[in-house]
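This structure is in structure tokens; I'll ask about it shortly.
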Amino acid sequence: MAKILVVDDEEHIRLLYSEELKEEGYDVITAEGGHGLLERIEQDKPDLVVLDIKMVDYDGLDLLQDIRNKFYDLPVILSTAYDTFKEDMKSIAADFYVVKSFDLTELKKKIQMALEARDAS
Amino acid sequence: MNETSMLAFEENPEQVEQADWVVGIPSHNNVDSITHPTAQAAQGLIDHFGDKNSVVINCDNHSEDGTKEAFLQTPSEVPKIYLSTPPGVVGRGYSLRNLIVKAVELQAQAVIVLDADIEGITPQWIKNLGEPISAGFGFVAPLYVRHKYDGAVANGIVYPLTRALYGRRVRQPIGGDFAFAANLAETYLNHPSWNDMVGQFGVDIWMTTLAICQGIPICQSFVGKPKIYQNDRNIVPSGPVFSQVVGTLLNLMIHFQDFWERVKWSKPTAIYGFGMGEVETPASFDIADDELHQVFIQGFAQYKQLWESFLENNIYNKLGEIRELPLAHFSFPSEIWARILYSYSAAYKNEVVERESLLQSLVPLFVGKTLSYAKKTERMSIQQAEEYIENECMIFEEAKPYLLSKW
């Protein structure tokens, strides 16, 4: 069972993602911000991170860069309400991005693809 | 390839015997342009790696225009070494081979390679290409803001194919400016896939692919300024360059079949060098729609039978439909392009057609695809065009089962 870490400062998003992804058979853990995130990843060893881009106290793209430098092959999917983040080239360090929605079909598809890419290498 | 170099001549005026950091500048008749990258590289080494023993090396192809003198006379606080292949041995790959042999001899920890004919380089390039090596990355590929029509072979063939095959997203796999750690040098010097095409313009995709297939951490580094060539470049490179680059790519597919057959989808790399302020706009890049269209149309007269001999009927028929499209509505679907490249890969491996002829027959199709890309991205910003290319890459990844079926 793959373990997914959902990082988002909005509680309802964490709850929504947790419930839906658990129904898909994933083990889901959550974090509400970037504080201590690298240590959390080190400790809990998730197989994939779903990372909100715009959090109140943290810039998700900076966190993405920190994650990629320390955990080179850990899949990270950016979750965003807007697609303007693509203008920041730091975003290309993500495996995929999804636009936040109550329909998680796209997120589930991207999670599967990212895990397949990791497992195939 | 073994460790013997193609070195015929060396001039080492300061008797350098050891260097931690090496900046190499391959050249061939670059007297008018080599001073600038040499000076910038030396300044970058002083500014950012001043605590290291460094050297700037010009690895030349026996230029007869005074490149050597221009290089050695460039004022610099960093020592310089000049290397050259024998007369008649011309090729960027042979130059880099000499550079790598020398880097090993100098016990270098890192090697940074710069093109000899770029204007945009600043000392910051040395920092941004070198620092990821200090941080533990094994290979650093460049990221530039290029005009959306610049780098057509990379955009249309090398990037999507390399990404789909080997599963790593390296946006500029033939960028020309890159860095690698010393442990890769031994791989490069001893790898059996070296051949004459690699010795010429195939060397960049060869080095990138070997780095990816070694499984070492790869970083893409933003080098701050757009790539500006001092010499004009055509949207489609000359026949031999195209063949050397694409031929090397297809040869490597044969060599690394066991690797890419396992790969599914793709993964990003680490990114370095953002937050450096304003990004400059690259120079404009005009393309001649009419000429590209004519090259595509004329390709049918020359290669119709060849294409028909190995492309599936539905693909060949689709090409016929594309040919009938007027220029104003010209469109070459990416799904067809991906399948064509995969078909070419298999045909190359199986030697269905003599390989050089096969590679040349790809040129008009590539030109047609490039024309289609130019038309579709005509009103797009650079960022939007990048997203378009990313979507094309996904099409290549989704079509990979087709490659496996043809292989």
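Mind checking which residues of the stretch B:177-194 are in contact (Cβ under 8 Å) with a residue 60 or more places away in the chain and buried (at least 19 other Cβ atoms within 10 Å of the Cβ)?
B:Asp177, B:Phe178, B:Ala179, B:Phe180, B:Ala181, B:Ala182, B:Ala185, B:Tyr188, B:Trp194
Mind listing just one residue for me: the one in the stretch A:38-54 that is surrounded by fewer than 19 Cβ atoms within 10 Å (Cβ to Cβ) and in contact with a strand residue (DSSP E or B) (Cβ under 8 Å, 6 or more places away or on another chain) and, of those, nearest to A:His12 (Cα to Cα)?
A:Lys54
Results for (1) part of a strand (DSSP E or B); (2) touching a strand residue (DSSP E or B) at 6+ places or on another chain (Cβ under 8 Å), shown as yes or no for each residue.
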{"position": "B:Gln40", "(1), (2)": "no, no"}
{"position": "B:Pro75", "(1), (2)": "no, no"}
{"position": "B:Ile81", "(1), (2)": "yes, yes"}
{"position": "B:Ala108", "(1), (2)": "no, yes"}
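Now, a different point. Determine whether A:Ile77 is under 19 Å from B:Glu397 (Cβ atoms) and of a type in the set (A, V, I, L, M, F, W, C).
Yes.
Another one. Going by the structure shown, is B:Pro160 touching a residue at least 60 places away in the same chain (Cβ under 8 Å), farther than 22 Å from B:Val104 by Cα and not small (Gly, Ala, Ser)?
Considered against the rule, which asks whether it is touching a residue at least 60 places away in the same chain (Cβ under 8 Å), farther than 22 Å from B:Val104 by Cα and not small (Gly, Ala, Ser), B:Pro160 comes out as yes.
Hey, among B:Leu184, B:Leu252, which residue is touching a Ser or Thr at 6+ places or on another chain (Cβ under 6 Å) and not aromatic (Phe, Trp, Tyr)?
Step by step, each of B:Leu184, B:Leu252 is checked, and only B:Leu252 is touching a Ser or Thr at 6+ places or on another chain (Cβ under 6 Å) and not aromatic (Phe, Trp, Tyr).
Related question: Considering (1) within 14 Å of chain A (Cβ to nearest Cβ); (2) buried (at least 16 other Cβ atoms within 10 Å of the Cβ), say which one B:Gln383 fails and leave the rest.
Status for B:Gln383: all satisfied but (2).
Return the only residue of B:Leu306, B:Leu327 being in contact (Cβ under 8 Å) with a residue 12 or more places away in the chain and farther than 25 Å from B:Lys148 by Cβ.
Going through B:Leu306, B:Leu327 in turn, just one is in contact (Cβ under 8 Å) with a residue 12 or more places away in the chain and farther than 25 Å from B:Lys148 by Cβ: B:Leu306.
So which of A:Ala94, A:Ala81 is in contact (Cβ under 8 Å) with a residue 12 or more places away in the chain and crowded, with 19+ Cβ neighbours inside 10 Å?
Every option except A:Ala94 fails the conditions.
Restricting to the stretch B:84-95, give me the number of residues that are out of contact with any Phe, Trp or Tyr (no Cβ under 7 Å at 6 or more places or on another chain) and either buried (at least 23 other Cβ atoms within 10 Å of the Cβ) or hydroxyl-bearing (Ser, Thr, Tyr) (or both).
Adding up the residues that qualify gives 3.
I'm trying to understand the selection: among the residues of the stretch B:110-126, which are surrounded by 24 or more Cβ atoms within 10 Å (Cβ to Cβ) and in a helix (DSSP H, G or I)?
Of everything in the stretch B:110-126, those that are surrounded by 24 or more Cβ atoms within 10 Å (Cβ to Cβ) and in a helix (DSSP H, G or I) turn out to be B:Trp125, B:Ile126.
Okay, next question. When B:Phe259 is evaluated against the numbered criteria (1) surrounded by fewer than 24 Cβ atoms within 10 Å (Cβ to Cβ); (2) outside any helix (DSSP H, G or I); (3) within 14 Å of chain A (Cβ to nearest Cβ), which criterion, by number, is the only one it fails?
Every condition holds for B:Phe259 apart from (2).
May I pose another question? Among the strands (runs of 3 or more DSSP E) contained in the stretch B:127-240, which hold 1 or more residues that are within 12 Å of chain A (Cβ to nearest Cβ) and more than 13 Å from the chain's Cα centre (by Cα)?
Those strands (runs of 3 or more DSSP E) span B:218-222.
Read-outs throughout are calculated quantities, based only on the coordinates presented, and are distinct from any laboratory measurement. What you see is a predicted model, and the numbers here were worked out from it, not measured in a lab. Don't worry about glycine lacking a Cβ; one is built from the backbone with ideal geometry, like all the others, and counts go over all protein chains shown.
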